[in-house]
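Have a look at the structure below, then the notes.
The values are calculated or read from the model by the stated rules, or taken from the named source; none is laboratory data. Nothing here was measured: the structure is a model prediction, and the numbers come from that model. FYI the Cβ positions are ideal-geometry reconstructions off the backbone, even for glycines, and counts take in every protein chain you see. Only protein heavy atoms, including side chains, enter the accessible area calculation; ligands, DNA and RNA are left aside. Shrake-Rupley method; radii C 1.70, N 1.55, O 1.52, S 1.80 Å.
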Amino acid sequence: RLVFRQEGPGKTEDRMADWTPTVGLNNSFMVNTYYPLYSEFFRCLGFRVELPQKALQEGIERKRAPFCYPAEAAHGYFAALLERKPDFLFLPHVKGVFVGQDKGPSTVCPLSQGEPYYLSTAFKDHPHLIKLEENRRVLRPVLDFSRGVESASEAMTDLATALGRSRKEARNAFTQAM
């Protein structure tokens, strides 16, 4: 909650024009952990970040298997996010997080890693997701922060070029976001 009060909606995004293109981020798992990085990165590239405000029960009911509560909530938040109709969806696959210099690489929970894939499957018939998929506006980078946040620079740069930004703009945005 503290992350979203300091860095989330109500800050910079509210000052951006209504016509500014939007990137939707699900309010779940590793997006919460790296939200300040993601939101600042997209803001620097000229996008407004959209977050779901509450988990919808109809989204939770789309789960195709028993899940832990956070994964069920991810389904509910994703349904709410799709109702906001963002211009792009950002569904990162986070493989690892940094746990310290002497700890070695880490691996994120498989349910957290799989979020972009099982949500895409559960909502494959949702009209807005279909439209975004057809227009190649679903961004699914594979990110590995296990060697530090800066280790995701190349993947985020590639993602920005898919959004029509130059590699220089992308590197600058990533540096600013860090």
key: Within region 157-177, tally of residues that are more than 17 Å from Asp87 (Cβ to Cβ) and open to solvent by 60 Å² or more (accessible area, probe 1.4 Å)   = 8
ask   = For Gln101, which of the numbered conditions (1) closer than 25 Å to Gly46 by Cα; (2) open to solvent by 90 Å² or more (accessible area, probe 1.4 Å); (3) free of Cβ contacts under 8 Å to residues at least 24 places away in the same chain fails to hold?
value = (1)
key: The one condition in (1) under 18 Å from Arg137 (Cα atoms); (2) open to solvent by 10 Å² or more (accessible area, probe 1.4 Å) that Tyr38 fails to fulfil   = (2)
key: Enumeration of residues in region 124-147 that are in contact (Cβ under 8 Å) with a residue 40 or more places away in the chain and assigned to a loop (DSSP other than H, G, I, E, B)   = His126, Arg137, Arg140, Pro141, Phe145, Ser146, Arg147
key: Only one of Val142, Val94 that is among the hydrophobic types (A, V, I, L, M, F, W, C), under 13 Å from the mean Cα position of the chain (by Cα) and exposed (fewer than 14 other Cβ atoms within 10 Å of the Cβ)   = Val142
query = For region 104-120, what are the residues that are touching a residue at least 40 places away in the same chain (Cβ under 8 Å) and either within 13 Å of the chain's Cα centre (by Cα) or within 23 Å of Arg136 (Cα to Cα) (or both)?
reply = Ser112, Glu115, Tyr118, Leu119
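On the given criteria, is Ser151 open to solvent by less than 90 Å² (accessible area, probe 1.4 Å), part of a loop (DSSP other than H, G, I, E, B), out of contact with any helix residue (DSSP H, G or I) (no Cβ under 6 Å at 6 or more places or on another chain) and not basic (Lys, Arg)?
The answer is no for Ser151.
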